[in-house]
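Structure, as structure tokens:
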Amino acid sequence: MFLIERPRRLRRTARLREMVRETSLEARGLVQPLFISERSEVEPIGSLPGISRWPVDKVAAEAERLAKLGVGGVLIFGIPEHKDEHGSQADAGSGVAQRGVKAIRDAVGDDLVIITDVCMCEYTSHGHCGILRPDGQVENDPTVDRLVSIAVSHAEAGAHVVAPSDMMDGRVGAIREGLDEAGFSETPIMSYAVKYASAFYGPFRDAAESTPAFGDRRGAQMDPGNFREALREAALDLDQGADMLMVKPAMPYLDVIKALRDNFEVPIAAYHVSGEYAMVKAAGANGWIDERAVMTESLLSIRRAGADIVISYAAAEAASWLRG
Ligand code: PBG
């Protein structure tokens, strides 16, 4: 048979395949989420095998381990003991996230990029992401004021980057202004610009004890059927001063990651969320799939779609695999 085009020619040896590989996974672009609690014990999270809640006084050692593995950064979630209607612990200087960030920064300095999740849902007794109106919906503008205060408190504690995850309108611009006024004009904002109302967040809510007591988050987060709206959200956040854009979840929304990559020049992050991770772990534990191969392929697919940064519960494990 005569064929001019034989793509298989470039797949003949491992070295040749590596040489022509277009996308790769690198530890420096991986971000490990870290849950910090006010309890004294390390608490493994049942629905996220391999992931734990870390006490404030033990989290720095974990951060040092991640830095040694070459992981690029951490994304910090505080889980307070005291929750109330107004999420008053969220911006407390002595809050769990603030103490954890300070401990990590003291331990690793600039060897990890310390990113903080800016939201209220872990801190409110009702589990919603902000101040509630009588009808149970989150009230936008008063919530934005709180988010500004939370972001500033994180920067004061030593965060390198703040990442608002609430989906309130106008919060990126308000946070930019608040940071600048507080003397943090050089602290970047990684905006959860495109965050879907997704069922893939289940294990996270378990981990953060933040499942809404009633209702859901569909009044703030995006409808999974919407694509054009993602471009609109991204453009709005850029106009307001976002330095990086995030898409969340990742694998069910690779088309959205690709669209942001093609339309905007800023770094794009994608959050491979708790449910995405838990499914691979569960199938792996059952022997139904090769866990390591599937996890690696998952993270690579997110990079190929256009994400520069991949936030994943598998970040540390993947970094150790990459070391060989
Ligand atoms: C909100 C927040 C959530 C996640 C990250 N930030 C939960 C939500 O919006 O309900 C989910 C992340 C995951 O599932 O891994 N602070």
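The values are calculated or read from the model by the stated rules, or taken from the named source; none is laboratory data. Keep in mind the model is a prediction, meaning the values are calculated, not measured. No Cβ is skipped: glycine too gets one built from the backbone with ideal geometry, and neighbour counts run over all protein chains shown. SASA here: full protein model, heavy atoms, side chains in, ligands and nucleic acids out. Shrake-Rupley method; radii C 1.70, N 1.55, O 1.52, S 1.80 Å.
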_Point-to-point label distance, Asn226-Ser94, nm (Cα→Cβ direction, 7 Å offset)_ = 4.1
*Lysine pairs, Cα distance under 23 Å, 8 or more residues apart or cross-chain: how many in the chain?*
9
*Does anyone have the angle between helix 140-157 and the longest principal axis of the chain? Alpha-carbon axes, 0 to 90°, nearest 10?*
80
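Indicate, rounded to the nearest 5 percent, the antiparallel portion of the DSSP beta bridges found entirely in the chain. Show your work: numbers first, answer last.
Values: 3 of 37 bridges.
DSSP beta bridges in the chain are roughly 10 percent antiparallel.
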*Starting from the Cα gyration tensor of the stretch 1-120, multiply each eigenvalue by 5, take the square root, and state the resulting semi-axes largest first in whole Å.*
43, 16, 13
*What angle, in degrees between 0 and 90 and rounded to the nearest 10, separates the Cα long axis of helix 291-305 from the longest principal axis of the Cα atoms of the chain?*
80
*Separation between Cα centres of the stretch 7-73 and the stretch 156-175, rounded to whole Å*: 24
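Nearest 5 percent is fine: what portion of the DSSP beta bridges confined to the stretch 174-324 is antiparallel? Walk me through the numbers on the way to the answer.
Numbers: 0 of 12 bridges.
Once the DSSP bridges in the stretch 174-324 are tallied, antiparallel ones form about 0 percent.
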_Springs between alpha-carbon pairs under 10 angstrom, Gaussian network model over the chain: which of Gly170, Gly136, Gly287 fluctuates most?_
Gly287
*Length gain on complete extension for the stretch Trp288 to Ala107, per 0.36 nm per residue less the alpha carbon to alpha carbon distance?*
61.2 nm
*Distance in nm between label sites at Met1 and Ala61, each 7 Å beyond Cα in the beta-carbon direction?*
6.0
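Keeping every protein chain in place, order Lys195, Lys102 by accessible area at 1.4 Å, biggest value first, i.e. largest first. Please list the in-between numbers first.
On the way: Lys195 15, Lys102 110 Å².
If we order Lys195, Lys102 from most to least accessible, we get Lys102, Lys195.
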*Most mobile of Phe200, Phe35, Phe184 in a GNM of the chain (Cα contacts under 10 Å)*: Phe184
_If I fit a long axis through the Cα atoms of helix 96-108 and take the longest principal axis of the Cα atoms of the chain, what angle between them do I get, 0 to 90°, rounded to 10?_
50
*Give me the percent of Cα-Cα pairs in the chain that sit more than 25 Å apart, rounded to a whole number.*
50
*Cα-based Rg / Dmax (Å) for the stretch 161-203*: 12.5, 38
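Per DSSP H run of at least 4 residues, take -39500 (n - 2.57); add these up for the chain, divide by its residues and hand me the 222 nm value, nearest 500 deg cm²/dmol. Walk me through the numbers on the way to the answer.
On the way: 11 runs with 126 residues, N = 324.
Rounded to the nearest 500, the figure is -12000 deg cm²/dmol.
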*Could you let me know the centre-to-centre spacing of the stretch 265-297 and the stretch 207-263, using Cα atoms, in angstrom?*
19
*Between beta-carbons, use under 12 Å as the cut-off and find the net charge around His154, counting Lys and Arg +1, Asp and Glu -1.*
0
*How large is log10 I(q)/I(0) at q = 0.10, 0.13, 0.14, 0.20 Å⁻¹ when the Debye formula is applied to the Cα atoms of the stretch 127-282, each weighted equally and without solvent?*
-0.36, -0.62, -0.72, -1.39
*Determine the order of Glu85, Glu5, Glu233 by accessible area, beginning with the largest, at a probe radius of 1.4 Å.*
Glu5, Glu85, Glu233
*For the stretch 140-163, list residues with backbone N below 14 Å from a point placed 7 Å from the Cα of Glu177 toward its Cβ?*
141-149
*Convex hull of the stretch 222-273 built on C-alpha atoms - directionally averaged projected area, nm²*: 3.3
*Tally Lys/Arg at +1 and Asp/Glu at -1 over every other residue whose Cβ is under 14 Å from the Cβ of Val273; what's the total?*
+2
*When only C-alpha pairs under 8 Å and at least 6 residues apart count, what is the relative contact order of the stretch 122-235, in percent?*
29
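If N is the number of residues in the stretch 64-105, what value comes out of its Cα radius of gyration divided by 2.2 N^0.38 Å? Walk me through the intermediate numbers first.
On the way: Rg = 12.8 Å, N = 42, 2.2 N^0.38 = 9.1 Å.
Dividing the Cα Rg of the stretch 64-105 by 2.2 N^0.38 Å gives 1.41.
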